[in-house]
Structures are given as C-alpha cells and as structure tokens.
Amino acid sequence: MTDFSSGTRLARVWTNAGLPVLGVVIAVTLWWSLTVFLRIDPFYVPSPADVVESFLRTPRFLLQETWITSQRVLVGFCIAVAGGLTIAVVLAASRTVERMAMPILAAVNAIPKVALAPLLLVWMGFGDPPKIVMVVLVSFFPVVVSTMAGLSSTPADLHELARSLSASWWQTFVKVRLTWALPQVFVGLKVATPLAIIGAVIGEVVNPDHGLGSVIAGSGASNDTPLAFAALALLAAIGVLFFYVMAGIERLLVPWARAISS
Amino acid sequence: MITIDGASQTFRGRSGPVEALKDISLTVGAGEFMAVIGRSGCGKSTLLRLIGGLLKPTGGRIAIAGDRVVTPRRDVAFVFQRPALLPWRTVEDNVLLPVEIFKWRRPQHRERAWQLLEMTGLGTFAKRLPHELSGGMQQRVSLCRALIQNPKVMLMDEPFSALDALTREELAVELQRIHSELGTTIVFVTHSIQEAVLLADRVTVLSARPGRINKIVDVDIPRPRSFGLNAHLDQVAVASAELHQLLLTEQHLPTPPTD
Ligand SMILES: Nc1ncnc2c1ncn2[C@@H]1O[C@H](COP(=O)(O)OP(=O)(O)OP(=O)(O)O)[C@@H](O)[C@H]1O
Ligand SMILES: [Mg+2]
C-alpha cells in the first residue's frame with residue numbers, strides 16, 4: 001500500500017468515526033462545564049459524573065431494562081415495516097383502494113398516539129403487547145408515506161421503456177418501480193427508527209412495568225434525577241445504534257443511490 | 001416495412017383538443033434509414049410513439065411488415081433521448097433487460113450481449129454500473145439494449161441530442177456502421193440537419209402544428225459517409241441547404257384556418 005492511499009484511508013476513518021466522536025466529546029464537555037460553572041443542583045440537571053455514577057450503582061438492572069425496551073422497539077419496528085410496506089404496495093397497485101384508504105390513513109395518522117396509551121392499557125393490560133402496539137402505531141406511517149412516494153417517483157422514461165417492451169404490471173413493478181423506490185423507503189425507515197423508540201417509551205411511561213420508560217417513571221416518583229438521565233442516555237445510545245445499523249443496511253442494499261443523487 | 005396511411009393524432013389537452021399530427025402518409029422500406037426532422041413540438045415523438053404502438057392513432061392506420069400496429073412489438077425497439085438505464089443493474093444486466101422481460105433464455109443471449117458491447121466499444125465495461133459511465137457510453141448501452149431484441153425496426157428519438165458535439169458525431173458514425181452491418185430499418189428523429197444528412201437515405205420534414213409532411217428529401221450521397229473531408233462535400237452542402245430552407249421558410253407557409 002502506498003503512502004497516498006493509506007493517507008486517504010486515514011482521512012476516511014477520521015471523517016466517518018473521528019468527527020462524530022469528537023462531536024460527542026465536545027457536547028459532553030459543554031454539559032459538564034455548564035453544570036459545574038453554573039453550580040446546578042443535580043436534582044435539576046445532574047452532571048455527566050452523577051449520571052455515570054448512577055448507572056454504575058445498578059448496571060445489570062439498567063442493561064436488562066435497556067434490553068427489554070430494545071426488544072419491544074425491534075419487534076414493533078419490524079411489524080411496522082412489514083405492514084407499512086405491504087400497505088404501501090397494495091395502495092400503489094390499486095387506484096381504487098388508494099382513494100378509499102387515504103382519508104382513513106390520514107385520519108388515523110392525525111390522532112395523537114399518546115392519547116391512545118390509556119386505551120391500550122384498558123384493552124391489553126400490562127406486559128409487552130400494549131408497548132409493541134404503541135411502537136407500531138408511531139413508526140408505521142412514515143414507512144407507508146415514504147414507500148408510496150418512492151413507488152410513484154419512477155421516472156417517465158423508465159415507464160416508457162417498460163411499456164415499449166410490453167412488460168406486465170408485475171414485471172414493471174418488480175424490475176423497475178420497487179427498486180427505484182428503495183432510497184425513499186430508507187428515508188422513511190430512518191424517520192421511523194427514533195419514533196419507534198419514542199413509542200416504546202410512551203408505552204412504558206404510561207403503563208410502567210419494565211423497560212427504560214418504566215425506570216424513568218419510577219425515578220420521578222423517587223426524585224432520582226441522575227437515574228432518569230442514565231436511562232435517557234441509554235435510550236439515546238439505542239437510538240444512535242439503531243440509526244447507524246439502518247444507514248449500514250441502506251448502504252448495503254442501495255449502494256447506487258448515493259452515486260446517482262450526487 | 002413501415003406503412004403509415006393517413007395517420008392523425010389529436011390529444012385531448014386541458015384547453016381543448018391539440019392536433020399533434022394530421023394526415024401523415026409515409027412508407028419506410030426494409031433496411032431504410034429514415035430521418036424525421038422538424039421544429040420542436042411538431043409531433044416527431046408522437047409519430048414514433050404511434051409507429052411503436054405506444055399510442056393509438058386517432059385516425060388512419062399504421063402497419064409494420066403488413067401487420068397493423070396495435071401494441072408494442074418485440075421486433076420494434078426504442079432508443080430514447082435519455083439512456084433510461086436502471087441504475088442498480090450492471091451494463092450487461094441492463095442490456096439483458098428485454099431478454100428477461102420477454103422471458104427469453106438468458107445464457108443464449110448473454111453471448112449476444114457481450115458481442116454487442118464489444119461492437120460498441122464497451123467490452124471492458126460490462127460489469128460496471130451506469131453511473132460509472134459517461135453520457136455517450138450510457139447511450140451506447142441503451143443502443144445495445146435495443147439491438148438485443150434483434151429488432152426489424154429501430155425507433156430513435158433524438159438519441160444523441162443530450163451529448164456533446166464530438167460524441168454525437170462519433171456515435172452517429174457508429175450508428176451508420178451498425179445500420180449497414182445489421183440492415184435494421186431505422187426511423188431517426190433529430191433536430192440536427194447535419195445528423196440527418198449524414199445518416200439518412202431519406203429525410204421527412206414535418207411542418208409545425210398540426211404536424212404534416214412538408215416534404216420528403218432524398219439524400220443520395222454514397223456510403224460510408226463521414227463528417228470529415230470527403231468527396232461529396234458539394235452534395236452534402238446541397239442537401240443541407242435544402243433542409244435548412246424547408247425548416248426556415250416553413251413559418252411563412254399559409255396556416256390552415258383553425259376554428
Ligand atoms: N400526452 C399528450 N397530451 C397532450 N398533448 C400532447 C401529449 N403529447 C404530446 N402532446 C402535444 O403534441 C405536440 C407534439 O408533441 P411531440 O412531443 O410529439 O413533439 P416533438 O416534435 O417530439 O417535440 P420536441 O422536438 O420538442 O421533442 C405538442 O404540442 C405537445 O404539446
Ligand atoms: Mg420529442
């Protein structure tokens with residue numbers, strides 16, 4: 001390997017990993033110095049040290065709760081994606097169904113999902129199901145909307161090409177429209193990932209049993225702000241991890257998208 | 001090969017009907033290279049879409065090899081202004097798209113695809129993605145994709161107009177070679193008089209709105225023709241001048257009353 005290529009590789013590692021890490025370090029330092037210099041009571045805003053200490057008091061417990069929340073997020077998200085893609089495809093396939101379903105979809109989408117949390121408690125009681133349903137509810141629509149947008153964004157010349165080859169509806173759909181829609185689908189998935197986590201936390205805060213949302217609800221009752229912050233930090237970590245996994249899958253599945261968009 | 005008999009096309013536009021083509025009658029012989037030239041919006045693309053069966057004429061009839069055209073045919077291939085390649089497919093797989101859609105046997109046609117790519121100088125690019133290719137190379141790929149259908153007729157809609165001047169000339173010369181090698185009947189829409197004179201056996205000049213045939217000009221220059229210095233510069237000049245005249249003076253023609 002020449003000096004030149006190792007130099008560019010180093011530069012790539014720096015921009016892909018170095019810069020994000022640097023950003024986090026700066027943000028945490030800022031937070032820390034603010035709590036120290038303004039002498040903020042840890043009851044309102046704990047310093048990073050308080051938060052880490054709080055985490056180290058019960059690391060096993062917190063990681064377990066993290067795992068429970070992650071599972072709910074993951075299951076709900078997968079259901080939302082599978083359902084969202086299916087519905088988007090059905091709507092794209094039939095104008096009639098689309099016309100009929102659109103107002104209902106828009107109406108359901110407009111309902112504040114938090115308002116449904118108490119109802120879910122009534123219908124499903126405690127445990128995983130109401131939380132998973134909440135995850136599905138909040139992350140479902142971005143997937144539907146972006147997939148539909150993607151499916152209807154096929155360029156006119158590709159349609160013309162398919163028609164000139166007498167391609168069937170299904171052939172056009174599979175060979176052209178669906179793949180063409182993938183970059184847009186991923187836009188929806190990346191919007192839906194943080195929403196999925198928010199959904200799980202809403203479910204857990206309103207209806208606490210396990211999970212980080214329940215930890216936050218409990219810490220409020222016991223005035224343990226550092227514990228709440230530790231839970232929030234763990235949620236943020238899930239969010240970041242989830243987002244980068246999504247971006248990784250995107251690069252794997254649609255490597256061509258970045259090339260044609262630039 | 002192609003018989004157009006009094007074909008008309010009227011679109012129902014937002015503000016009343018738009019007469020795009022009126023009473024076009026034209027025959028294109030087997031193996032002939034017919035250029036179609038005319039001002040923007042005079043219905044050239046519409047004419048191609050009629051011949052290719054993408055549009056149903058509102059009047060008249062169109063036949064290819066004696067059969068009336070009602071739907072797109074497998075032995076008629078389009079080349080559009082833009083390459084219209086699928087960005088996630090390699091060059092080879094893009095060329096093989098018609099084979100897949102026609103449910104032909106892929107291994108058999110793979111060889112043919114490689115031949116075509118070789119012929120258009122893309123042999124080493126078969127495994128690349130379209131975005132790694134220049135505009136001219138992409139248009140060559142779309143030409144190969146049309147040729148893999150083994151078409152009797154190729155319908156080309158300003159295929160080189162998005163390219164720079166030098167690449168255009170290069171591709172035009174190449175197309176001439178392919179045409180003489182394969183003997184495909186070609187209808188070639190263009191804005192360029194130079195291109196028309198270089199490539200065509202005959203040039204159909206359309207008048208604007210509604211598009212009618214203004215004149216069909218014969219180009220009797222021996223082949224192979226080239227853009228460079230050749231023995232027929234005077235003939236080229238005469239043909240070009242005539243086309244120029246037809247296109248420029250056309251706006252002074254008496255327009256039929258419209259009411
Ligand atoms: N689908 C359509 N609906 C309504 N009007 C149309 C439609 N397609 C074409 N036209 C009209 O028909 C006329 C001819 O269009 P066409 O695209 O065939 O022109 P053209 O000669 O190919 O132009 P250009 O040189 O700019 O490509 C235009 O006035 C256009 O507005
Ligand atoms: Mg046109």
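Meeting the requirement of 3 or more residues that are within 30 Å of A:Gly218 (Cβ to Cβ) and in the same structural domain as A:Leu235 (by TED's automatic domain parsing), the helices (runs of 4 or more DSSP H) wholly within the stretch A:1-71 are A:48-57. Every condition in (1) more than 14 Å from chain A (Cβ to nearest Cβ); (2) away from ligand 2 (no atom under 16 Å from the Cβ); (3) within 25 Å of B:Gly52 (Cβ to Cβ) is met by B:Ala165 except one, and the failing one is (3).
With a requirement of 1 or more residues that are farther than 30 Å from A:Arg258 by Cβ, touching a residue at least 12 places away in the same chain (Cβ under 8 Å) and within 13 Å of ligand 1 (Cβ to nearest atom), the helices (runs of 4 or more DSSP H) lying completely within the stretch B:1-106 that satisfy it span B:44-51.
Of the residues that make up the stretch B:70-80, is at least one in contact with an Asp or Glu (Cβ under 6 Å, 6 or more places away or on another chain), outside the structural domain of B:Val189 (by TED's automatic domain parsing) and within 16 Å of ligand 2 (Cβ to nearest atom)?
So in the stretch B:70-80, the residues in contact with an Asp or Glu (Cβ under 6 Å, 6 or more places away or on another chain) come out as B:80.
Then keep just the ones that are outside the structural domain of B:Val189 (by TED's automatic domain parsing); that gives B:80.
Narrowing the set further to residues that are within 16 Å of ligand 2 (Cβ to nearest atom) leaves B:80.
Scanning the stretch B:70-80, I find at least one residue that is in contact with an Asp or Glu (Cβ under 6 Å, 6 or more places away or on another chain), outside the structural domain of B:Val189 (by TED's automatic domain parsing) and within 16 Å of ligand 2 (Cβ to nearest atom), so the answer is yes.
Within the stretch A:242-256, is even one residue open to solvent by 30 Å² or more (accessible area, probe 1.4 Å), under 13 Å from the mean Cα position of the chain (by Cα) and in contact (Cβ under 8 Å) with a residue 40 or more places away in the chain? The answer is yes; a qualifying residue exists. Do we have any residue at all in the stretch A:110-126 that's over 28 Å from A:Glu204 (Cβ atoms) and open to solvent by less than 50 Å² (accessible area, probe 1.4 Å)? There is no residue in the stretch A:110-126 that is over 28 Å from A:Glu204 (Cβ atoms) and open to solvent by less than 50 Å² (accessible area, probe 1.4 Å).
Restricting attention to the stretch B:107-131, and to residues there that are among the small types (Gly, Ala, Ser) and in a loop (DSSP other than H, G, I, E, B), which single residue is nearest to the other protein chains (Cβ to nearest Cβ)? It would help to see each step written out before you state the result.
First, the residues of the stretch B:107-131 that are among the small types (Gly, Ala, Ser): B:113, B:121, B:123, B:126.
Imposing the further condition that a residue be in a loop (DSSP other than H, G, I, E, B) reduces the set to B:121, B:126.
Values: B:Gly121: 23, B:Ala126: 17 Å.
The residue in question is B:Ala126.
Taking interchain pairs and intrachain pairs at least six residues apart, which have beta carbon atoms under 9 angstrom, with the first residue in the stretch A:159-180 and under 20 Å from A:Ala257 (Cα atoms) and the second surrounded by 18 or more Cβ atoms within 10 Å (Cβ to Cβ) and hydroxyl-bearing (Ser, Thr, Tyr)? Listed pairs, sorted by first residue: A:His159/A:Thr172; A:Thr172/A:Thr154; A:Val176/A:Thr154; A:Arg177/A:Thr154; A:Trp180/A:Thr154.
For A:Val144, state whether it is on the phi < 0 side of the Ramachandran plot and open to solvent by 40 Å² or more (accessible area, probe 1.4 Å).
For A:Val144, the condition - on the phi < 0 side of the Ramachandran plot and open to solvent by 40 Å² or more (accessible area, probe 1.4 Å) - is not met.
List the number of the failed condition for A:Val174; all other conditions in (1) away from chain B (no Cβ under 14 Å); (2) surrounded by fewer than 19 Cβ atoms within 10 Å (Cβ to Cβ) hold. Just one mismatch for A:Val174, condition (1). So A:Val185 ticks every box in (1) touching a residue at least 60 places away in the same chain (Cβ under 8 Å); (2) away from chain B (no Cβ under 14 Å); (3) among the hydrophobic types (A, V, I, L, M, F, W, C); (4) open to solvent by less than 20 Å² (accessible area, probe 1.4 Å) but one. Which box is left unticked? Answer for A:Val185: the failing condition is (2). For the stretch B:41-69, the set of residues classified as open to solvent by 30 Å² or more (accessible area, probe 1.4 Å) and within 11 Å of another protein chain (Cβ to nearest Cβ) consists of B:Ser45, B:Arg49, B:Leu55, listed by residue number.
The values are calculated or read from the model by the stated rules, or taken from the named source; none is laboratory data. Everything quoted here is computed from the prediction, not taken from an experiment. Positions of Cβ are backbone-derived with ideal geometry, glycine not excepted, and every protein chain shown enters the neighbour counts. The protein model used for the area step is the full one, side chains on, heavy atoms only, and it has no ligands, DNA or RNA in it. Shrake-Rupley method; radii C 1.70, N 1.55, O 1.52, S 1.80 Å.
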